[in-house]
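Engineer: For reference, the structure I am asking about is given below.
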Amino acid sequence: MAMDLDEPLDAAAVAEMGEAALQRLCDADPALFLSPSADLAAAARAASRHIYSSLAPLSPAQPPPFPSLLAGPAFDAEQIWSQIELLDRPLLPHLRRQLRRLEQQPPSQPQPPLEKPAVAEREQSEEEDGEGSESEELKEEEEEEELEETDDVEEMGDDYEEEEELDGRERKGVEDKFLKIDEMAEFLDRGDEEEYGGGAKRGEKKAKKNWMESDDEDEEDEDGDEDDEDEDQLDLEDFEDDDEEAEGAGEIMYKDFFEKGHKKEAKKKDGYTKKVQFKDEAHEIEVDGSEDDDDGNDEQVLSTHEKERLKMRAKIEQMEKANLDPSTWTMRGEVTSSNRPKNSALEVDLDFEHNVRPAPVITEEVTASLEEMIKKRIAEGQFDDVEKPSIVPSKAPKEHKELDESKSKKGLAELYEDDYAQKAGLAPAPLSISDELKKEGSALFKRICLKLDALSHFHFAPKPVIEDMSVQANVPALAMEEIAPVAVSDAAMLAPEEIFEGKGDIKEEGELTQAERKRRRANKKRKYAGSHKERPASLQKD
Amino acid sequence: MEVETATAAGSSVEMAVDRPAGPGSVEKPRFDALMPSEMSGGRPQFRKVPVPQHRFAPLKRCWMDIYTPVYEHMKIDIRMNLKAVTCELKFLLAFALAARRVELKTRQDTPDVSNLQKCADFVHAFMLGFDIADAVALLRLDDLYVDSFEIKDVKTLRGEHLSRAIGRLSGKGGKTKFAIENSTRTRIVIADTKIHILGSFVNIKVARDSLCSLILGSPAGKVYSKLRAVSARLAERY
């Protein structure tokens, strides 16, 4: 971390410079901030450095992580901002607590003067500073509010500013890195709360509330501190009384403490556990707490056991009340719409089991994947069709006799005749229906085979001989030829014996000799005479 | 009992006498079987079969088919009496007699007594409505019978129910009737409300059962399934 060598080491001079820078920023034309300018930036840095150093002593974490803001030209906005934030983080809640305590404190105590004008200045400068942090602004505003709420605004003056600053420096001498007075005070306060409930700390809180009432000079002295506190408590009502404060330095009476302390505590709210406190008054407050315990308040004299019993009873009452009261409708069993307020089911996050799977969200990827799968399936030809399982017959199909529904061609007598003949063995067994079907089938098949063979010419087989009585036409083979001549055979034609029956050499009419003609005539006459022998004699010619 | 055909055609038969085996025993006479013509005192026997009106024309058409087996094979005289016989009998009887008849008479050379009855049954079957080819089986086989019953014997049906029952019996184009005939080896004639069945005793029973179930209302398919089972059993027997 580079140190700015230009900075004078004197704190007051630094403060002066810082304020001057602030003032310059305030005076600068707002339009100038729109464009980057080096000297404005330098001024802003100086101003923020000044404000940081003023606030650093107020931080609850002592010493602060950065004793002074490192805002040289090498640092950018982010770094400066983080440094400021480091300071602010613990500081803001601390200030808020103080403020709350201040709110609840009765406005009778004299408030120590604050650096209101300086704070006001700072606030203004922060608002106008382009690089100023928001937290610093908020912090300043809170401080401003706190100041305004207290009744001692008018009493603030530069003296207090100085005193605070002085005190801050002296305070640092007591504490070291292990012992932090404020943390110790907080811890003790919390412990007291847990043990005694809210009541024990009332006196302490009253004291803590008024962070402004401290007399810086008396804070160092323990005895003086308690007096101061009491004095401040005493003076809540007439907070504007400076004389009492001045007196408090050396002339403290018993009655100042204990009688008015009662009043003060009576005014206090019950069960107030918060405290507003600055680090300046840490040790003062813890001492005051012990002092307040000795007050003659009835409630604080309760023994530990009684306090526990009180707590337990409170708890019991609370639980009984919860049990007796009718529970919310969500906690009751079955609730119909009439038992609960209107539209209340909408506000409650109902949880019930969905037995339905949520519908799939169809995205483009899903659609694309589906289409891809479809295309692939179509290309492969792999469809998920339902295939019929082929039934393998376990045994041969039983032969069913078909019921003939037509009039039987054979008469009853013939039927019995056939039966008898079959039994006697005279006639062959009649073909059953299956045999007839087989015959028909085989005949059809042979016919088809013949045709196919004729087509192919390669493996020729002659037409099967079917012994049938059929009229054979004595037509020359040429006429009966088919397209494939190979398929036709002469076997079906009439044999020569069938054409002509006779013996000997046959001669034509022209070839016969005279003697053969005579012989022929003579044979004819003989035949004629033989057949007509039996004619009556009257017809015969003489 | 065997029928012994006597060699001698004469009425007188010499008694063959067996010599007695021991002393004091009487000769037992031994008689030959009688010829059919000798029975009933040597007179011929007659059968008369009336012809209903609606069977007259078919009778005229098939007369030779009837005549031939009866006369040639059964050796029974058969003739058709066309003239209406008038007599002084009661009115109803006069109607019966007035119908034309087929008359049958035994001859001298009729071989068997039962031939006449068979021929009478044959002609009667024809008159009932059976075909010649079917009725001839009666001549050839001994154990064929004709059974008749009426629809009202099974169930009393009237009007349309009766018509529907008759329709159920025959089926479309007669297919149910033929199915029964073919599967049970019988012949059935449905004449209005009368039903005649020709066949052997067992087959008649089966056919009758089927017809009765049809009359009672069962559908044809059911009857068919029963028929199939029964016919398979019948076929196995032979």
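The values are calculated or read from the model by the stated rules, or taken from the named source; none is laboratory data. These figures come from a predicted structure and were not determined experimentally. Here the Cβ is made from the backbone with ideal geometry for all residues, glycine too, and neighbour counts use every protein chain on show.
Engineer: May I ask you to say which residue of B:Lys152, B:Lys105, B:Lys118 is more than 27 Å from B:Ser170 (Cα to Cα) and away from chain A (no Cβ under 14 Å)?
Structural biologist: Selected residue: B:Lys105, the only one of B:Lys152, B:Lys105, B:Lys118 that is more than 27 Å from B:Ser170 (Cα to Cα) and away from chain A (no Cβ under 14 Å).
Engineer: Same structure again: Kindly indicate which of A:Pro430, A:Pro393 is more than 18 Å from B:Phe178 (Cβ to Cβ), at pLDDT below 85, more than 7 Å from chain B (Cβ to nearest Cβ) and exposed (fewer than 10 other Cβ atoms within 10 Å of the Cβ).
Structural biologist: Just one listed residue meets the conditions, A:Pro393.
Engineer: Right, here's the next one. On the basis of being of a type in the set (Val, Ile, Thr) and facing chain A (nearest Cβ under 9 Å), does B:Thr184 make the cut?
Structural biologist: Considered against the rule, which asks whether it is of a type in the set (Val, Ile, Thr) and facing chain A (nearest Cβ under 9 Å), B:Thr184 comes out as no.
Engineer: Pairs please, first residue from the range B:208-234 and farther than 24 Å from B:Lys194 by Cβ, second anywhere and of a type in the set (Gly, Ala, Ser), Cβ atoms under 6 Å, 6+ apart in sequence or on different chains.
Structural biologist: That search, which allows pairs on different chains as well, returns B:Ser231/B:Ser183.
Engineer: List the residue pairs whose Cβ atoms are under 6 Å apart, where the first residue sits in the range A:338-350 and is under 18 Å from A:Pro326 (Cβ atoms), the second is not in a helix (DSSP H, G or I), and the two are 6 or more positions apart or on different chains.
Structural biologist: Sorted first by the residue in the range A:338-350, then by its partner, the pairs are A:Arg340/A:Trp329; A:Val348/A:Thr330.
Engineer: Here are some residues: B:Ile190, B:Ile197. Which one is on the phi < 0 side of the Ramachandran plot, away from every other protein chain (no Cβ under 11 Å) and surrounded by 20 or more Cβ atoms within 10 Å (Cβ to Cβ)?
Structural biologist: Matching residue, one of B:Ile190, B:Ile197: B:Ile197.
Engineer: Return yes or no: is B:Leu144 within 28 Å of B:Pro69 (Cα to Cα), within 11 Å of chain A (Cβ to nearest Cβ) and in contact (Cβ under 8 Å) with a residue 60 or more places away in the chain?
Structural biologist: Considered against the rule, which asks whether it is within 28 Å of B:Pro69 (Cα to Cα), within 11 Å of chain A (Cβ to nearest Cβ) and in contact (Cβ under 8 Å) with a residue 60 or more places away in the chain, B:Leu144 comes out as no.
Engineer: Of all residues in the range B:30-85, which are of a type in the set (Phe, Trp, Tyr) and within 26 Å of A:Ala413 (Cα to Cα)?
Structural biologist: Of everything in the range B:30-85, those that are of a type in the set (Phe, Trp, Tyr) and within 26 Å of A:Ala413 (Cα to Cα) turn out to be B:Phe46, B:Phe56, B:Trp63, B:Tyr67, B:Tyr71.
Engineer: Let me ask another. Among the residues in the range B:200-209, are any more than 8 Å from chain A (Cβ to nearest Cβ), touching a Gly at 6+ places or on another chain (Cβ under 7 Å) and more than 16 Å from A:Lys410 (Cα to Cα)?
Structural biologist: Yes: the range B:200-209 contains one or more residues that are more than 8 Å from chain A (Cβ to nearest Cβ), touching a Gly at 6+ places or on another chain (Cβ under 7 Å) and more than 16 Å from A:Lys410 (Cα to Cα).
Engineer: Cβ-Cβ below 7 Å, separation at least six or inter-chain, first residue in the range B:113-141 and within 19 Å of B:Val189 (Cβ to Cβ), second among the charged types (D, E, K, R) and surrounded by fewer than 24 Cβ atoms within 10 Å (Cβ to Cβ): which pairs?
Structural biologist: B:Ala120/B:Arg47; B:Met127/B:Arg55; B:Ile132/B:Asp65; B:Ala133/A:Glu414; B:Leu138/B:Lys118; B:Leu138/B:Asp121; B:Leu139/B:Lys118
Engineer: Of all residues in the range A:405-425, which are among the hydroxyl-bearing types (Ser, Thr, Tyr), over 12 Å from B:Arg185 (Cβ atoms) and at the interface with chain B (Cβ under 7 Å from one of its Cβ atoms)?
Structural biologist: Hit for the range A:405-425 is A:Ser406, nothing else.
Engineer: Return yes or no: is A:His459 within 14 Å of chain B (Cβ to nearest Cβ), at pLDDT below 85 and part of a loop (DSSP other than H, G, I, E, B)?
Structural biologist: The answer is no for A:His459.
Engineer: Just to be sure I understand the filter: pairs with C-beta atoms under 8 Å, separated by 6 or more residues or on different chains, first member in the range B:163-178 and away from chain A (no Cβ under 14 Å) and buried (at least 16 other Cβ atoms within 10 Å of the Cβ), second member charged (D, E, K, R) and not in a helix (DSSP H, G or I). Which pairs pass?
Structural biologist: B:Ala165/B:Lys155; B:Ile166/B:Asp192
Engineer: Considering only the range B:217-234, I want to know if a residue exists there that is under 22 Å from B:Tyr145 (Cα atoms), more than 11 Å from chain A (Cβ to nearest Cβ) and polar (S, T, N, Q).
Structural biologist: no
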